[in-house]
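The values are calculated or read from the model by the stated rules, or taken from the named source; none is laboratory data. Source: prediction; values computed, not measured. Virtual Cβ from ideal backbone geometry, glycine too; neighbours counted across all protein chains shown.
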Amino acid sequence: DAGVTQSPTHLIKTRGQQVTLRCSPKSGHDTVSWYQQALGQGPQFIFQYYEEEERQRGNFPDRFSGHQFPNYSSELNVNALLLGDSALYLCASSLGYPPQPQHFGDGTRLSIL
Amino acid sequence: KQEVTQIPAALSVPEGENLVLNCSFTDSAIYNLQWFRQDPGKGLTSLLLIQSSQREQTSGRLNASLDKSSGRSTLYIAASQPGDSATYLCAVLMDSNYQLIWGAGTKLIIKP
């Protein structure tokens, strides 16, 4: 039973570039949530998708956007990258709504130079 | 605005000791509370989930309690082992918008 998988594992970009991160939910799960975790801090909620719609959004600028596909996989896009976007990006999946419990992938480590 | 605080930020104890990690939150309108473990550079592993109507949950050497009215939760680890070394985070799922709000974590080191 595959858990939550995220790709790529690591990514290095420069300021101003754009990036796309991908997440495949655990088998049978239909809700995907994205989080940003800066070093030494707890995760911050970015947004959440259910039934291919963005259901909730945290306090992140419009440079952060996402999408959920019919197979429930999801993408996180970040435009005009800033140094402060360097972080571990975590995806979590769950079954139904409310989204609990949430199962996490190992994350994508994004470094901005 | 919900704020989740974890104390202490770091803890180092000898192997075999029992220990308690604390989590407090300012808004009691929560759906549930979860405790997670995070190993360095890794994702999050769920340890225990307590629904808002529950008082505690147990799994092996772990016991988590919830006092929603006072905005507090504790994670009790019995007979600690070096393999328990990790960062422990608590998170609350808000009733109003189903967002998961996190504490900054407690970094636990168990010395052999």
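Restricting to region A:45-75, name every residue that is touching a Lys or Arg at 6+ places or on another chain (Cβ under 8 Å) and away from every other protein chain (no Cβ under 14 Å). Of everything in region A:45-75, those that are touching a Lys or Arg at 6+ places or on another chain (Cβ under 8 Å) and away from every other protein chain (no Cβ under 14 Å) turn out to be A:SER73, A:SER74, A:GLU75. Screening region A:86-105 for residues that are assigned to a loop (DSSP other than H, G, I, E, B), within 16 Å of the chain's Cα centre (by Cα) and at the interface with chain B (Cβ under 7 Å from one of its Cβ atoms) and picking the one that is farthest from A:ARG15 (Cα to Cα) gives A:PRO99. Across region B:12-29, the qualifying residues are those that are free of Cβ contacts under 8 Å to residues at least 60 places away in the same chain and either of a type in the set (A, V, I, L, M, F, W, C) or surrounded by 16 or more Cβ atoms within 10 Å (Cβ to Cβ) (or both), and the one among them that is nearest to the other protein chains (Cβ to nearest Cβ) is B:SER24.
Name the one entry in A:GLY40, A:GLY3 that is over 24 Å from B:TYR98 (Cβ atoms), within 13 Å of chain B (Cβ to nearest Cβ) and either modelled with pLDDT under 95 or surrounded by fewer than 21 Cβ atoms within 10 Å (Cβ to Cβ) (or both). Result: A:GLY40 is the single residue among A:GLY40, A:GLY3 that is over 24 Å from B:TYR98 (Cβ atoms), within 13 Å of chain B (Cβ to nearest Cβ) and either modelled with pLDDT under 95 or surrounded by fewer than 21 Cβ atoms within 10 Å (Cβ to Cβ) (or both). If I filter region B:30-53 for residues that are free of Cβ contacts under 8 Å to residues at least 12 places away in the same chain, away from every other protein chain (no Cβ under 13 Å) and over 24 Å from A:ILE46 (Cβ atoms), do I get at least one hit? Scanning region B:30-53 turns up at least one residue that is free of Cβ contacts under 8 Å to residues at least 12 places away in the same chain, away from every other protein chain (no Cβ under 13 Å) and over 24 Å from A:ILE46 (Cβ atoms). Scanning region B:54-64 for residues that are in contact (Cβ under 8 Å) with a residue 12 or more places away in the chain and either surrounded by 14 or more Cβ atoms within 10 Å (Cβ to Cβ) or hydroxyl-bearing (Ser, Thr, Tyr) (or both) returns B:GLN54, B:SER59, B:LEU62, B:ASN63, B:ALA64.
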